[in-house]
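Colleague: Dumping the structure here so I can ask a few things about it.
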Amino acid sequence: MKKQHRDRIYSGWMGKMIGVIHGANIEGWKYEDILRTFGEIRDYPFRFPNFCADDDINGPAFFQRAVLDHGADPDLREMADTFLNYVSDGHGFFWWGGYGVSTEDTAYHNLLEGVAPGRSGSAQLNGKVLANQIGGQIFSDCWGLMNPGNPEKAADLACRMASLTHDEEGLQGARFIAAAIASAFEAKSVEEILETAFAQLDPESQYAAMVRDVSAFVGAHRTDWRTCFAYVKQHYDYRYYQGTCHILPNAAVIVLALLAGNGDFRDTINIAAMCGWDTDCNEGNLGTILGVFAGMEGIPREWTAQVRDLAICSGSLGGLNIQNVPQIAENTLRAAVILAHEEEEPLRNLSKEELLWKKILDHPEGLYFHFQFPESTHGIRTKNLPEYAGIVRNTEECAYIGTRSLKIAHPAFGDSQWFSVYYKPYYTPGDFKDNRYQPDLSPVIYPGDQIRFAYRFSPEDAGKRIRCQAYYKNRLEEKEQTVWERDLTIQDGKWKTCAWNLPEGENIILEEVGVRIIGQEVAPREQTAPFCLYLGEVEITPRPRYRMRAKAIPTEVWTAVDTNPAGFSYLRGVAEVFEGKLGLSGSGRPAEMYTGNINWQNYAMQAVMRPVSGEEHYILARVRGGRHWYGAGFRVQKGKKFVSLMKKNGQIFVLAEIPWEWEIGKEYDCCLKAEGCRLTFLVNGEELLSFEDSARPYQSGCVGMANQGASRTQFREYSVTAL
């Protein structure tokens, strides 16, 4: 893939994040209210310590996984599998406004009830009002990003995905946005982007008529966007359309801002914000288009700092709800290679840069930080004494690999002064000021994992004496725990590597992992000096070895009705810590809760399980989402009790089982081992079942618990041990 395309996939995602954050807290406001409150918007109307999940990010971040999970040409059923796999039932991801009110809510339950994909979002089934709401375009960015320079293919795939939930103008919006983004990789002007995107529309559609109309008016009044918006309000105001958020008024704002912004990122985003209506959606789409068109060099640096290179999501897997922007962009790159049917070149034919990017994309997602995207930080942060703010920035001053590294600069550093370089593998409700889409979060890093990094001090700091301390912070404790420390004298500015293992342990949820640097005779007495550290790469190797006692697990309280056990996400049902036990209960459909990292491969999942009521109780391994996992446990079939080993692939299939008289109210020490293709289930130390899954086995995934059929299950403790 061309370097320009690769970099602009990242800048497109960065633009998407900026647009969504910029418009989030004024979503639904009218132009008059925005003007009265803020005057002329030129910056973020609201700022966030960390931005919480939003449906505009969830959709494209997870929908692109249809290609990663199913290959180059995912059909409707495979897209529906992706949809149901990563969407939790009734919370997170979308606006769950009720069947017949929320388009996505309606389509989700249609699919769940067996309605054919495509018909699930049709106007014939759901009516015209739902079919023409805004979701068709706001989740389609990924298809444009995955198809740089190929607007026709981008539009076709976006339309296919959108048909799960939308129809008519909703599908036109999907085609328009995806084509605009794909075109922006190579277009010379915003007019060319608009023309190319328009070519992918049905010329007889209302959407196409709107684009022709608004484009013509804005073209004649290009320097006065307010006059243009007055025209849009006169002809496409919300009052002309039914539903909670119709696509046409907001698409009109996108056309207006795209042309009136003249290709300038800041102006385009601010114009869309001032127009009001569905600001985060409109700005998010425009942010992607302009992010690709302008590149990182066209996005003002002061706008990227608010993003922190962090993307909090709210899908079914808590471990995929803490991502960074490079991680999502890398998945887009992987999918783009698959879609382009690019055959793997022999290593000897690859350039040095191509070899580097092959290495990057060969790593498991989310576990390798490389800093090769312009301005990327992978969410790494710094902190120190409050009066001296550290600076974290991407730089080309030096590089361990490629051409870039991460520079951490502290303007004042002296004797006994310190700063920490750290990464947050877990977030709590206290880390946010907002909660729109209920993110249930699982840590990215676990006890037993190895951290390896390449670092370099500035040559100007040679001779200075410092103390280095590797540390972690546990969600269950207030203080930081030192893993190791050492004193050293800086010798030179050469690259070095360091590796350390996080200690195995009990009742640990890693909330912060980092290295603290303390000054020792750094500068003359009562004086300070600047100090610089560079990171070349960071690699995390999963080796989980930990145990959690249920009574020690806190409850994360987002709102009075939005809570979850710390470290867990859930598909559906009631997941809670109650009377010192992890409790899980549901009605007829499977109740499931998950934790862990999707990259875990060979391990043992052990849990002390007590069936409280009902007929099916399981522990899970290699969970890939709500549609794909291995499970083992107890069930009743036709009045007989069994111990069973199962595989969920949309539906649950029994791999092996034997009659076994388990009892309600009794505790069992259960262990599900996954080693290669071999699955083994033990109860109270006795091996009861073993099965070799050689037919498309799941190679990696999270852990979890589940039950079915109006059951309730309790878990006193659980542990994960890498094998």
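Colleague: What is the extension gain from ILE391 to THR489, computed as 0.36 nm multiplied by their sequence separation minus the C-alpha to C-alpha distance, in nm to one decimal?
Modeller: So the extension gain works out to 33.0 nm.
Colleague: Using a Förster distance of 35 Å, how high is the FRET efficiency between PHE578 and THR541, based on the Cβ-Cβ distance and rounded to 0.05?
Modeller: It comes to 0.50.
Colleague: Still on this model: Work out, in µm²/s and without decimals, the Stokes-Einstein translational diffusion coefficient of the range 275-388 at 10 °C, 1.306 mPa s, Rh from Kirkwood over C-alpha pairs.
Modeller: In µm²/s, the coefficient rounds to 95.
Colleague: Under unit Cβ charges (Lys, Arg +1; Asp, Glu -1), what dipole magnitude, rounded to 20 debye, does the range 354-543 have relative to its Cα centre?
Modeller: With only Lys, Arg, Asp and Glu charged at Cβ, the dipole is about 260 debye.
Colleague: Now for a different question. Using a simple spin-label model with points 7 Å from Cα along the Cα→Cβ vector, what separation in nm is obtained for CYS468 and ASP562?
Modeller: In this crude spin-label approximation the distance works out to 4.1 nm.
Colleague: In nm, give the distance between the simple-model label positions of ARG36 and LYS128, each being 7 Å from the Cα along the Cα-to-Cβ direction.
Modeller: Computed distance between label sites ARG36 and LYS128 equals 3.4 nm.
Colleague: Largest first and in whole Å, give the semi-axes of the range 354-543's equivalent ellipsoid, each being the square root of 5 times a Cα gyration tensor eigenvalue.
Modeller: Semi-axes (√(5λ), whole Å): 27, 22, 17.
Colleague: Just want the ordering: SER215, SER314, from fewest to most Cβ atoms lying within 10 Å of their own Cβ.
Modeller: Going from least to most buried by this count: SER215, SER314.
Colleague: Taking the range 501-615 as the region of interest, what is the percent of Cα-Cα pairs per 10 angstrom bin, listed from the shortest bin to the one with the maximum distance?
Modeller: Percent of pairs per bin, in order: 9, 31, 26, 15, 11, 6, 2, 0.
Colleague: Ranked by Cβ crowding within 10 angstrom, fewest neighbours first, how are THR165, THR279, THR244, THR106 ordered?
Modeller: Ascending number of Cβ neighbours within 10 Å: THR244, THR106, THR279, THR165.
Colleague: Kindly put TYR455, TYR31 in sequence by how many other C-beta atoms sit within 10 Å of each C-beta, fewest to most.
Modeller: Result, fewest neighbours first: TYR31, TYR455.
Colleague: Step through the table entries LYS641/LYS673; LYS359/LYS473; LYS16/LYS473; LYS16/LYS424; LYS3/LYS407, compare each Cα-Cα distance with 25 Å, and write down the pairs that go over it.
Modeller: Over 25 Å Cα-Cα: LYS359/LYS473; LYS16/LYS473.
Colleague: Quick check: residue separation of GLU686 and TYR240 times 0.36 nm, minus the Cα distance between them. What number comes out in nm?
Modeller: Going from the current span to full extension adds 153.8 nm.
Colleague: Read through the labelled values (1) 26.7; (2) 35.0; (3) 28.3 and report the label of the one computed as Kirkwood radius over Cα pairs in Å from the structure.
Modeller: (1)
Colleague: Something else: How big is D, in µm² s⁻¹, for the range 3-318 by Stokes-Einstein at 10 °C and 1.306 mPa s if Rh is the Kirkwood radius over C-alpha pairs?
Modeller: The calculation lands on 84 µm²/s.
Colleague: Quick one: Debye curve from the alpha-carbon atoms of the range 546-722 only, equal weights, vacuum; give me log10 I(q)/I(0) at q = 0.11, 0.19 Å⁻¹ to two decimals.
Modeller: Results for the range 546-722 at q = 0.11, 0.19 Å⁻¹ read -0.40, -1.30.
Colleague: Give me a comma-separated list of calculated 3J(HN,Hα) values for the range 99-108, in order, Karplus coefficients 6.51, -1.76, 1.60 applied at θ = phi - 60°, integers in Hz, x for any Gly or Pro.
Modeller: 5, x, 10, 8, 4, 5, 4, 4, 5, 4
Colleague: State which stretch of the chain is the longest one without any exposed trypsin sites (Lys or Arg not before Pro), exposure meaning a DSSP loop state and at most 13 other Cβ atoms within 10 Å.
Modeller: 223-478
Colleague: ASN262 to GLU353: extension gain in nm, 0.36 nm per residue of separation minus the Cα-Cα distance?
Modeller: Extra length from ASN262 to GLU353 when fully extended: 29.4 nm.
Colleague: GluC sites (Glu not before Pro) within the range 161-248: which are DSSP loop residues with at most 10 other Cβ atoms inside 10 Å?
Modeller: GLU204
Colleague: Per residue of the range 473-478, in order, report the coupling 6.51 cos²θ - 1.76 cosθ + 1.60 (Karplus, θ = phi - 60°) as ³J(HN,Hα) in whole Hz, putting x for Gly and Pro.
Modeller: For the range 473-478, the Karplus-derived couplings read 10, 8, 4, 8, 10, 7 Hz, x marking Gly and Pro.
Colleague: Restrict the search to the range 566-635; then list the GluC sites (Glu not before Pro) that DSSP places in a loop and that have at most 12 other Cβ atoms within 10 Å of their Cβ.
Modeller: Sparse-neighbourhood loop GluC sites (Glu not before Pro): GLU579.
Colleague: Using θ = phi - 60° and the Karplus relation 6.51 cos²θ - 1.76 cosθ + 1.60, list the HN-Hα couplings for the range 705-715 in order, rounded to whole Hz, with x at every Gly or Pro.
Modeller: Using θ = phi - 60°, the values come out as 9, 7, 8, 9, x, 6, 9, 10, 10, 10, 10 Hz.
Colleague: What do you get for GluC sites (Glu not before Pro) in the range 336-439 restricted to DSSP loop and a cutoff of at most 14 other Cβ within 10 Å of the site's Cβ?
Modeller: Loop-located and lightly packed - GLU342, GLU343, GLU344, GLU387, GLU396, GLU397.
Colleague: Under unit Cβ charges (Lys, Arg +1; Asp, Glu -1), what dipole magnitude, rounded to 20 debye, does the range 653-715 have relative to its Cα centre?
Modeller: My answer is approximately 300 debye.
Colleague: Can you find, among PHE691, THR103, CYS142, the residue farthest towards the positive end of the dipole of the chain? Put +1 on the C-beta of Lys and Arg, -1 on that of Asp and Glu.
Modeller: The one lying farthest along the dipole's positive direction is PHE691.
Colleague: Can I ask one more? Once every DSSP H run of n ≥ 4 in the chain is given -39500 (n - 2.57) and the sum is divided by its residues, what mean residue ellipticity at 222 nm do you get, rounded to the nearest 500 deg cm²/dmol?
Modeller: -9000 deg cm²/dmol
Colleague: With only Lys, Arg, Asp and Glu charged, each at its Cβ (+1 for the first two, -1 for the last two), find how big the charge dipole of the chain is about the Cα centre; round to the nearest 20 debye.
Modeller: Dipole magnitude for the chain comes out near 1240 debye.
The numbers here are math on the coordinates, done by the rules we state, and not lab data. These numbers were taken from a predicted model, which means no experiment stands behind them. Neighbour counts are summed over all protein chains in view; Cβ atoms, including those assigned to glycine, are modelled from backbone coordinates with ideal geometry.
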